[in-house]
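The values are calculated or read from the model by the stated rules, or taken from the named source; none is laboratory data. If you're wondering where the values come from, they're calculated on a predicted model, not measured in any experiment. Positions of Cβ are backbone-derived with ideal geometry, glycine not excepted, and every protein chain shown enters the neighbour counts.
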């Protein structure tokens, strides 16, 4: 997962058709940034790619990657030029079912295909977008209204209601486009649009229901929740049940994107922002320094990181916080919680963002602008 990617970037940069435009601009590939990053971590970046304006060729790739029931596997570069052997491999993969919403996946592809159809008129792209939309609606978790990490599940955390990496908020942001961008999504008929509206309503209610409470105060959101109990749950082995600092920012940005928000939504945003302000870490900063080159399974590194005391430092947040006392939650790949950043092995220190500045723009600019138009109501 790439912590630098947030829902704000997805909401702003995923392809959208301006209402006044005669022909839509080529869709941005920014929504695939996380997938491309993960592909390159494993395979390097020395491979041929289509230019961003070669929309039909990229859309053809996306269709080739799509599975029979409308899903997509994660971490593929849609602009990669495939040789014949790779084309054959993906053609065989397409006969499988399922997919993953991890790393801003599935909703990004269906949105790209919608714009590709608007540009080219190629009905294959419309049909691919509809298949992706149908897959997305089918995977909404009935007990809550959120979305899982991956279907079918191959890891214990895959069936959880997933907030991490903007899964549920990212899906909802795209479903809202289906409802509001009626020109680009004109191929969605009234019956399907009604299903999308119901899914959005259920998803919004899910986010409000899952917000962590600390006493009488609202806090942030966990990275994932058990689909039956709705209690914060463990993700990967080093992602212990906790409130997720980065993902809370993504949920808040999604909630702020809702037109005419209800008092409950305004209260949720206000509570989460207050929690983010309480959770800020001052007096410490992350320092990156040169270190011997080392190749790990999923990335290589010539640097290391350490937490340095600095009385003047501000604007730092942890990726994870304890649900009850807001202490920073750090862990190793064997699920052992550790007290100090240096106790995490280098592979996880350099391959995961345990600390970051994700809320800074939200707190300094976005929330104050939004709040000016959305005061709290009794």
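Tabulated results
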| quantity | calculated |
| --- | --- |
| Within region 207-217, considering residues that are touching a helix residue (DSSP H, G or I) at 6+ places or on another chain (Cβ under 7 Å) and surrounded by 19 or more Cβ atoms within 10 Å (Cβ to Cβ), the one farthest from residue 255 (Cα to Cα) | 211 |
| Region 323-345 - residue that is assigned to a loop (DSSP other than H, G, I, E, B) and within 20 Å of residue 285 (Cα to Cα) and, of those, nearest to the chain's Cα centre (by Cα) | 329 |
| Only listed residue being outside any loop (DSSP other than H, G, I, E, B) and either modelled with pLDDT under 95 or under 25 Å from residue 259 (Cβ atoms) (or both), chosen from 146, 173 | 173 |
| Which listed residue, of 307, 362, is touching a residue at least 60 places away in the same chain (Cβ under 8 Å), surrounded by 18 or more Cβ atoms within 10 Å (Cβ to Cβ), in the same structural domain as residue 258 (by TED's automatic domain parsing) and in contact with a helix residue (DSSP H, G or I) (Cβ under 6 Å, 6 or more places away or on another chain) | 362 |
| Residue count, region 38-50 (criterion: touching a residue at least 12 places away in the same chain (Cβ under 8 Å) and surrounded by fewer than 18 Cβ atoms within 10 Å (Cβ to Cβ)) | 6 |
| Residue 302 assigned by TED's automatic domain parsing to the domain that holds residue 234, over 19 Å from residue 219 (Cα atoms), touching a strand residue (DSSP E or B) at 6+ places or on another chain (Cβ under 7 Å) and loosely packed, with under 11 Cβ neighbours inside 10 Å | yes |
| Qualifying residues in region 276-290 (those that are in a helix (DSSP H, G or I) and in contact (Cβ under 8 Å) with a residue 60 or more places away in the chain) - the one farthest from residue 310 (Cα to Cα) | 276 |
| Single match in 250, 203 (criterion: crowded, with 21+ Cβ neighbours inside 10 Å, touching a helix residue (DSSP H, G or I) at 6+ places or on another chain (Cβ under 9 Å) and not assigned by TED's automatic domain parsing to the domain that holds residue 356) | 203 |
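For every residue, the table says whether it meets (1) outside the structural domain of residue 111 (by TED's automatic domain parsing); (2) modelled with pLDDT under 90; (3) within 18 Å of the chain's Cα centre (by Cα).
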residue: 12; (1), (2), (3): no, yes, yes
residue: 32; (1), (2), (3): no, no, yes
residue: 40; (1), (2), (3): no, no, no
residue: 46; (1), (2), (3): no, no, no
residue: 50; (1), (2), (3): no, no, no
residue: 59; (1), (2), (3): no, no, no
residue: 69; (1), (2), (3): no, no, no
residue: 90; (1), (2), (3): no, no, no
